[in-house]
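Read through the structure below, which is laid out as structure tokens, and then see the notes.
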Amino acid sequence: MVKKPSTTSGTTAAEEFTSIGTMTAKQFKAARAWLDLSQQDLATETLVGRRAIQEFELGNRDPQPRTLRDLREALEKRGVKFLFIGGRAVGIVVSERIEGPAGRK
């Protein structure tokens, strides 16, 4: 858990960042881009169709829960953490890059 930065008045905000929440298309696209993964790279690794990934990123389709889980796990294995406050998506953080199945870093 990561604490939210303190406010300008010096008091610590009561809310904290958590990793509990549903990954959004914007978070997913940002994480994929940060790791320099193409839609096809991720599709091949997760066995999720490239078109399904594209439609999710465009906001045209809500993937099934299992698909979201598989996509999220693939990115988390590479060091991505999805951040939420009160269940609301607020961003991503990348710790270290972990080598993927194709040997890419």
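The values are calculated or read from the model by the stated rules, or taken from the named source; none is laboratory data. Here the structure is a predicted model, which means the values were calculated and not measured. Cβ atoms come from the backbone with ideal geometry, glycine included; neighbour counts cover every protein chain shown. Just so you know, the surface numbers come from the protein's heavy atoms only, side chains and all, with ligands and any DNA or RNA stripped out. Shrake-Rupley method; radii C 1.70, N 1.55, O 1.52, S 1.80 Å.
Quick look at the values:
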read-out	value
Virtual spin-label span in nm between Q40 and E76, 7 Å along Cα→Cβ	2.9
Extended-chain gain in nm, criterion 0.36 nm per residue less alpha-carbon gap, S19 and I85	22.9 nm
Separation in nanometres of the label points that stand 7 Å from Cα toward Cβ, at Q54 and A33	1.8
Nearest-10 value in Å² for the accessible area of D62, using the 1.4 Å probe	140
FRET efficiency, 1/(1 + (r/R0)^6) with R0 22 Å, evaluated for S95 and R69 via beta carbons	0.65
